[in-house]
Every structure is written in structure tokens, then in C-alpha cells.
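Colleague: Below are the C-alpha cells for one structure; questions will follow.
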Amino acid sequence: MGNDEGGRTAVTVVGLGLMGRALAAALLRAGHRTTVWNRTASKADELLAEGALFAPSVHDAVTAAPLVVFCVSDHDALHDLLAPLDGAALDGHTLVNLTSGTPAQARETAAWAAARGAAYLDGGIMATPQEVGTPAAHVVVCGPRQALEPHRPVLSALAGGTTHLGEDHGLVALHEMAVMALMWSTLNGFLQGAALLGAAGVDAGAFVPYARQGAEAVTGWLADHARQIDAGGYPVLDATLGTHLTSMRNLVLESEALGVSTELPRLVAGFADRAVAGGHGGDSYAALIEEFRNPAPGRPGAPRSEQPEE
Ligand code: FVH
């Protein structure tokens with residue numbers, strides 16, 4: 001199941017959605033003997049034309065290579081595929097799971113695989129399918145480092161780099177969530193801005209140069225804010241949290257006046273309101289971290305013992 005007579009390294013990809021097809025194509029381009037499997041077999045057609053081998057079952061796909069990459073919709077789908085496999089199929093194989101999930105799901109799957117003799121690396125590809133196989137893509141994995149090292153050369157076909165985040169199988173899922181939290185907040189801010197400007201007859205396209213400038217400014221602030229968060233002190237950097245709060249309240253008022261949703265602006269101002277009330281009005285924006293880390297009693301996310309009595 002290792003190298004074939006031509007010296008090509010064997011690798012399997014299970015799941016040929018948008019991302020799985022891009023992964024398999026990059027492995028083929030790098031010259032690896034690539035076996036694929038997908039529930040809907042027709043999604044493999046282009047890959048077969050490029051030299052991929054289609055396995056008749058997940059069992060055959062797994063046993064075809066020492067390294068098996070899974071990339072399906074979610075962990076339920078992953079479990080459907082893994083459940084019928086036993087130690088005879090899995091023993092000695094390394095499973096790299098690029099399916100998104102929660103840290104608990106990753107740890108559970110790792111324990112399940114270990115009980116069947118397989119090494120499990122939970123992974124994530126920080127890229128769009130179009131970027132896979134280029135330096136713009138980056139692979140992150142977690143789990144036993146010794147399981148990664150023999151497979152680094154094959155994984156290097158997928159991205160410009162592969163980073164091992166740590167032994168804890170939950171770390172990749174947590175990093176993915178942290179990045180998505182940032183992206184969704186950024187996109188929601190863009191949509192709020194586009195709705196405001198749209199109410200004044202300004203196209204979203206005209207907003208883009210200003211939105212980009214704002215997003216780039218925020219990008220530039222991240223390292224300073226991270227230093228303050230890690231140090232636990234928030235000396236003002238540019239504008240105080242109190243100054244931000246005044247502008248946030250204006251945003252709530254103007255959204256209301258224009259008939260645009262005030263849900264997001266009120267949420268944002270609510271965080272700042274509480275932090276200012278807690279004495280952080282003269283601090284930098286990074287002081288808000290305390291609202292995220294320690295939700296006040298009664299706020300969503302606060303430990304249940306701190307919820308007010310009904
Ligand atoms: N697309 C992206 O940009 C990203 C970026 C970073 C993270 N991901 C994660 O990758 C996982 C797969 O995403 P995807 O974009 O490839 O997703 P789809 O194109 O929807 O393909 C889904 C595949 O999963 C198969 N599948 C679903 N349910 C089952 C099941 N019960 N049994 C077997 N296979 C299943 C599906 O098969 P089929 O519908 O073609 O038969 C596709 O192969 C995902 O976790 C992202 O969060 C993507």
C-alpha cells in the first residue's frame with residue numbers, strides 16, 4: 001500500500017466535494033498515486049481522466065494507501081463512512097481529517113481511530129478550493145506529531161506549508177472557529193455598512209474601497225491588540241473605548257432612522273456599554289476582551305450557576 005513500482009507514493013482522498021476534488025487534483029499534479037472515493041461516483045470523472053483510481057468502497061479506498069485524507073460535509077457524514085471499518089482495515093493507517101467540526105468531535109474520532117490501530121490527525125485547509133496546491137494555501141494539523149512527519153512530503157502537495165498546532169486533537173477545530181468568527185464579524189460589518197449606504201442610494205460597489213481601507217486598518221491593529229490581551233493591560237492606542245462607544249450609539253440611531261436593522265449595532269454597543277460601565281472607558285478597544293472572556297451573570301454564555309434565579 002506504500003510506493004508503487006513507479007516509486008509513486010500512494011494516498012487516498014475520501015469525499016469529492018468542492019474541496020475534496022481540489023485536494024485530489026493537487027495530489028495528482030504532484031505525481032502521487034491517488035485513490036479516490038465519493039458517495040456520488042460521477043464527481044470523480046474528471047479526476048479519473050487525470051489518472052486517479054476509483055475505489056469501489058470506502059474500505060478499499062482506506063486500504064489502498066497508508067495516508068487517507070477525509071473531506072466530507074461534517075462529522076456525521078464522516079462517522080457514517082468510518083463506522084463500518086474495523087481494525088483490520090484501519091490498523092497502521094494515518095487518517096487526516098479535513099472535515100470541519102468541533103474540538104469534541106475531533107477528540108472523539110481520534111479515540112475511535114486509536115482503538116482500531118489508526119493514527120488520527122485532525123486538520124484544516126486554510127484556503128479556497130481554487131488556492132489548493134498553491135503557496136496561498138496552508139494546512140494546519142493537530143494530534144501526534146510523529147504521525148505527521150512521515151506524511152509531510154505528500155501533504156506539501158496541498159499547500160505552501162503544513163503547521164502542526166499541537167498534540168491536542170481539538171486545536172485545529174478551535175483555530176478554524178476562531179478564524180471564522182473573525183470572518184463572519186467582518187462580513188456582517190460589511191453588510192451593515194452596505195445596508196446603511198444602500199438606504200441612501202449608494203451602491204455596495206462604491207462602498208468597497210472604503211470597506212477595504214477599514215478592513216486593512218483593523219488588520220494592522222491586530223498585533224498590538226493581541227499584545228495587550230496577552231499582557232492583560234489596555235493602555236489607549238489611538239481612540240479610547242469611550243470614544244468608540246459614542247460612535248456606536250450614533251450607528252444605532254442612524255440605522256434606526258434609515259430603517260436598517262439595529263440588531264448588530266446594538267449588540268456591539270452593548271459590549272462597549274458594559275465595559276465602559278466597568279471602568280474601561282479610557283482604555284483601548286482591546287479591553288472588550290473581558291466581556292468575551294467573562295460574560296456577566298445573566299448574559300448569553302455565562303456559566304449556568306451565574307444565571308439569575310427565575
Ligand atoms: N469549500 C471550502 O472552501 C472549504 C474551506 C475550509 C473548510 N472546508 C470544509 O471542508 C469540508 C468539505 O467542504 P466542501 O466545500 O468540499 O463541501 P461539499 O462540496 O458540499 O462536499 C461535501 C462532500 O461530503 C460528502 N458527503 C456528505 N454527506 C455524506 C454522507 N452522509 N456520506 C458520504 N458522503 C457524504 C458529499 O458527497 P456527495 O454529496 O458528493 O455524494 C461530498 O463529497 C467541510 O467540512 C467544510 O467545512 C471547506
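The values are calculated or read from the model by the stated rules, or taken from the named source; none is laboratory data. Please read all numbers here as calculations on a predicted model, not as lab measurements. In this analysis, Cβ positions are derived from the backbone assuming ideal geometry, glycine residues included, and neighbour counts consider all displayed protein chains.
Colleague: Could you list all residues from region 115-150 that are farther than 24 Å from residue 82 by Cα and either in a loop (DSSP other than H, G, I, E, B) or among the polar types (S, T, N, Q) (or both)?
Modeller: Listed by number, the residues that qualify are 127, 128, 130, 132, 133, 134, 135, 136, 137.
Colleague: So which of 192, 146 is under 29 Å from residue 289 (Cβ atoms) and either at pLDDT 95 or above or in contact with a helix residue (DSSP H, G or I) (Cβ under 7 Å, 6 or more places away or on another chain) (or both)? Step through it out loud before you land on a result.
Modeller: Details: 146 fails: under 29 Å from residue 289 (Cβ atoms).
Unique residue meeting the criteria: 192.
Colleague: Any residue in region 8-29 that is at pLDDT 95 or above, more than 28 Å from the chain's Cα centre (by Cα), among the hydroxyl-bearing types (Ser, Thr, Tyr) and not in a helix (DSSP H, G or I)?
Modeller: Let us first name the residues in region 8-29 that are at pLDDT 95 or above, namely 10-29.
Next cut, more than 28 Å from the chain's Cα centre (by Cα) only: none.
Within region 8-29 (the criterion being at pLDDT 95 or above, more than 28 Å from the chain's Cα centre (by Cα), among the hydroxyl-bearing types (Ser, Thr, Tyr) and not in a helix (DSSP H, G or I)), the answer is no, since none of the residues qualifies.
Colleague: Of the residues 239, 181, which is under 20 Å from the mean Cα position of the chain (by Cα) and among the hydrophobic types (A, V, I, L, M, F, W, C)? Explain how you work it out, then say what you get.
Modeller: Working: 239 fails: under 20 Å from the mean Cα position of the chain (by Cα).
Matching residue, one of 239, 181: 181.
Colleague: If you go through region 117-127 one residue at a time, how many are within 12 Å of the ligand (Cβ to nearest atom) and among the aliphatic types (A, V, I, L, M)? So that I can check it myself, show each step before the final result.
Modeller: Residues of region 117-127 that are within 12 Å of the ligand (Cβ to nearest atom), as a first pass: 122-127.
Right, trim to among the aliphatic types (A, V, I, L, M) and you get 125-127.
Total satisfying the criteria: 3.
Colleague: If you don't mind, another one. Look through region 31-54, keep the residues that are small (Gly, Ala, Ser) and crowded, with 18+ Cβ neighbours inside 10 Å, and return whichever of them is farthest from the ligand (Cβ to nearest atom). It would help to see each step written out before you state the result.
Modeller: Initial filter on region 31-54 (small (Gly, Ala, Ser)): 31, 41-42, 44, 49, 51-52.
From what is left, the residues that are crowded, with 18+ Cβ neighbours inside 10 Å are 44, 52.
Numbers: 44: 10, 52: 14 Å.
That would be 52.
Colleague: Moving on to the next point. On the given criteria, is residue 174 of a type in the set (A, V, I, L, M) and part of a strand (DSSP E or B)?
Modeller: On the way: of a type in the set (A, V, I, L, M): yes; part of a strand (DSSP E or B): no.
Answer is no for this residue.
Colleague: Based on this model, can you work out whether residue 102 counts as under 17 Å from residue 15 (Cβ atoms), surrounded by fewer than 21 Cβ atoms within 10 Å (Cβ to Cβ) and within 12 Å of the ligand (Cβ to nearest atom)?
Modeller: Numbers: under 17 Å from residue 15 (Cβ atoms): no; surrounded by fewer than 21 Cβ atoms within 10 Å (Cβ to Cβ): yes; within 12 Å of the ligand (Cβ to nearest atom): yes.
In short, no.
Colleague: Is there a residue in region 141-151 that is of a type in the set (Asp, Glu) and within 30 Å of residue 89 (Cα to Cα)? Write out each step before concluding.
Modeller: So in region 141-151, the residues of a type in the set (Asp, Glu) come out as 149.
Now drop any that are not within 30 Å of residue 89 (Cα to Cα), which leaves 149.
Within region 141-151, one or more residues are of a type in the set (Asp, Glu) and within 30 Å of residue 89 (Cα to Cα).
Colleague: Give me the pairs, please: first residue somewhere in region 69-82 and in a strand (DSSP E or B), second residue anywhere and β-branched (Val, Ile, Thr) and within 6 Å of the ligand (Cβ to nearest atom), beta-carbon distance under 9 Å, and either six or more positions apart or on two chains.
Modeller: Listed by first residue and then by second, the contacts come to 70/99.
Colleague: Would you confirm whether or not region 71-82 contains a residue that is modelled with pLDDT of 95 or more, within 19 Å of residue 154 (Cα to Cα) and within 15 Å of the ligand (Cβ to nearest atom)?
Modeller: Yes, because at least one residue in region 71-82 is modelled with pLDDT of 95 or more, within 19 Å of residue 154 (Cα to Cα) and within 15 Å of the ligand (Cβ to nearest atom).
Colleague: Go through region 30-68 and count every residue that is among the hydroxyl-bearing types (Ser, Thr, Tyr) and part of a strand (DSSP E or B). Reasoning before the result, please.
Modeller: Narrowing region 30-68 to residues among the hydroxyl-bearing types (Ser, Thr, Tyr): 34-35, 40, 42, 57, 63.
Those left that are additionally part of a strand (DSSP E or B): 34-35.
So the answer is 2.
Colleague: Filter region 128-147 for residues that are within 20 Å of residue 103 (Cα to Cα) and within 16 Å of the ligand (Cβ to nearest atom) and give the result.
Modeller: Filtering region 128-147 for residues within 20 Å of residue 103 (Cα to Cα) gives 138-145, 147.
Passing the criteria: 138, 139, 140, 141, 142.
Colleague: Tally up the residues in region 201-242 that are among the hydroxyl-bearing types (Ser, Thr, Tyr) and surrounded by 15 or more Cβ atoms within 10 Å (Cβ to Cβ), please. Spell out how you get there, then give the answer.
Modeller: Initially, region 201-242 is screened for residues among the hydroxyl-bearing types (Ser, Thr, Tyr), giving 210, 219, 234, 240.
Narrowing the set further to residues that are surrounded by 15 or more Cβ atoms within 10 Å (Cβ to Cβ) leaves 234, 240.
Residues flagged as among the hydroxyl-bearing types (Ser, Thr, Tyr) and surrounded by 15 or more Cβ atoms within 10 Å (Cβ to Cβ) within region 201-242 amount to 2.
Colleague: Out of (1) away from the ligand (no atom under 15 Å from the Cβ); (2) surrounded by fewer than 19 Cβ atoms within 10 Å (Cβ to Cβ), what's the single condition that is false for residue 57?
Modeller: (1)
Colleague: Pick from region 87-99 the residues that are near the ligand (Cβ under 10 Å from one of its atoms) and in a loop (DSSP other than H, G, I, E, B): which of them is nearest to residue 77 (Cα to Cα)? Please lay out each step first, then the result.
Modeller: Of region 87-99, the ones near the ligand (Cβ under 10 Å from one of its atoms) are 97-99.
So of that shortlist, the ones also in a loop (DSSP other than H, G, I, E, B) come out as 98-99.
Working: 98: 12, 99: 9 Å.
It comes out as 99.
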